[in-house]
Amino acid sequence: MSDRDDEARKPPLAVKGRRPAGSLWAIVLAGGEGIRLRPLVRQVCGDERPKQYVPLLGSRSLLQQTVDRLPPLIPRERTVLVTMRSHIGYLAGALADLRHPRVLAQPQDRGTAAAILLGAHWVQARDPGATVIVLPSDHLIVEEALFTEHLAAVARSVQQHAEWMVLLGAQPTEPETEYGWIEAGPRAGWTTDGPLYRVARFWEKPSPEVASTLFVKGCLWNTFVLVTAARTLIGAGRECVPDLNQRLARLADFFGTEHESWAISQAYVLAPRANFSRSVLQHCPGALAVSKLPAVTWCDLGSPARVVKTLTSLGISPPWLSRLPQPA
């Protein structure tokens, strides 16, 4: 019998420790600087604001589109936006709805692990049984209803299996070298929208040769959308980045008080920097799984060339596109 067969015989993830489900929350990551996209942003806005605050695809900013696709699955009052204090000036223009999500402003950039764990600790302080969906704020998703339905199916399963950490993987259309990739292992469980697979291996921005191999092998693009219980996320932080997690755990007594902003500043002063993918996901326990998205058009708008290529392929022509310098 092969090792893979042996793996397949293991029980599904997190069959122990089921607890009553709490509410479903969203942690929207909006603290990136989008440096590679700055030349294009200058063409669109005349300044160098981060791309998530820019209306690249129409009249709404990428951040607005991310927040808008969450209801009715997750209402605004259970949406937490983690950004940078230096970005606060862009928020009003990027979010048209007066009922803005709860904003957690980081004083310094300490990496994606700090942003995600800050949101997780804030949510758990209000809802200890919460399930959280972590989403980047700068992605293009065309079939939004289909995406949200899949998210809901994964979230229902996670609420029944609180120790799961489930990433969403997108079906690749080419051997992209600027994305992270996920190699799926044996089946680990089911949602109402399809199977879950254990994560066998991560590949971060592979070489062209490796990307071609992963593409042929049927690996998935890592969307960085994660569904898990808040306490499970914090537990992974405690295990993988203990110094960072400990500093953020001390904030629980200050959340929701007049001292919250001061306390976050103090926690970040000496907090270590950590990338969530490299420092947490690649070292977290075996309850990490991946769920393959249905036929959804997904794209990480990371570079000017990719933005233009994606819009052209979709037949989308925002006003700024005609102002771009044309190739000779």
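Annotations for the structure displayed:
- Only one of the numbered conditions (1) crowded, with 21+ Cβ neighbours inside 10 Å; (2) more than 15 Å from the chain's Cα centre (by Cα) is not met by L118, and that is (2).
- Scanning the stretch 250-265 for residues that are open to solvent by 10 Å² or more (accessible area, probe 1.4 Å), in contact (Cβ under 8 Å) with a residue 12 or more places away in the chain and farther than 16 Å from A130 by Cβ gives R250, S261, S265.
- The stretch 266-312: number of residues that are of a type in the set (K, R) and either surrounded by 16 or more Cβ atoms within 10 Å (Cβ to Cβ) or under 15 Å from the mean Cα position of the chain (by Cα) (or both): 3
- Whichever residue in the stretch 164-179 is surrounded by fewer than 21 Cβ atoms within 10 Å (Cβ to Cβ) and in contact (Cβ under 8 Å) with a residue 40 or more places away in the chain and, among such residues, is farthest from G218 (Cα to Cα): E178
- Candidates are the residues of the stretch 1-46 that are touching a strand residue (DSSP E or B) at 6+ places or on another chain (Cβ under 6 Å) and at pLDDT 80 or above; the one that is farthest from W320 (Cα to Cα) is L24.
- When I182, I133, I141 are checked against the criterion of being farther than 28 Å from T312 by Cβ and within 18 Å of the chain's Cα centre (by Cα), I133 stands alone in meeting it.
- Taking the criterion of being touching a Phe, Trp or Tyr at 6+ places or on another chain (Cβ under 9 Å) and either assigned to a helix (DSSP H, G or I) or open to solvent by 50 Å² or more (accessible area, probe 1.4 Å) (or both), the residues of the stretch 81-108 that qualify are H87, Y90, L91, G93, A94, R102, Q108.
- Checklist (1) surrounded by fewer than 20 Cβ atoms within 10 Å (Cβ to Cβ); (2) in a loop (DSSP other than H, G, I, E, B) applied to I74, failing item: (1)
- A single entry from L311, L214, L233 fulfils the requirement of being touching a residue at least 24 places away in the same chain (Cβ under 8 Å) and under 30 Å from G58 (Cα atoms): L311.
- Candidate set from the stretch 257-286 (those that are among the charged types (D, E, K, R) and in a loop (DSSP other than H, G, I, E, B)); member that is farthest from T232 (Cα to Cα): E258
- Qualifying residue in the stretch 132-154 (condition: at negative phi, touching a Cys at 6+ places or on another chain (Cβ under 9 Å), modelled with pLDDT under 95 and surrounded by 20 or more Cβ atoms within 10 Å (Cβ to Cβ)): yes
The values are calculated or read from the model by the stated rules, or taken from the named source; none is laboratory data. In this text the structure is predicted, and so the values were computed from the model without any measurement. Reconstructed Cβ throughout: ideal geometry from the backbone, glycine too, with neighbour counts over all protein chains shown. Heads up: the accessible areas ignore ligands, DNA and RNA and are worked out on the full protein's heavy atoms, side chains in. Shrake-Rupley method; radii C 1.70, N 1.55, O 1.52, S 1.80 Å.
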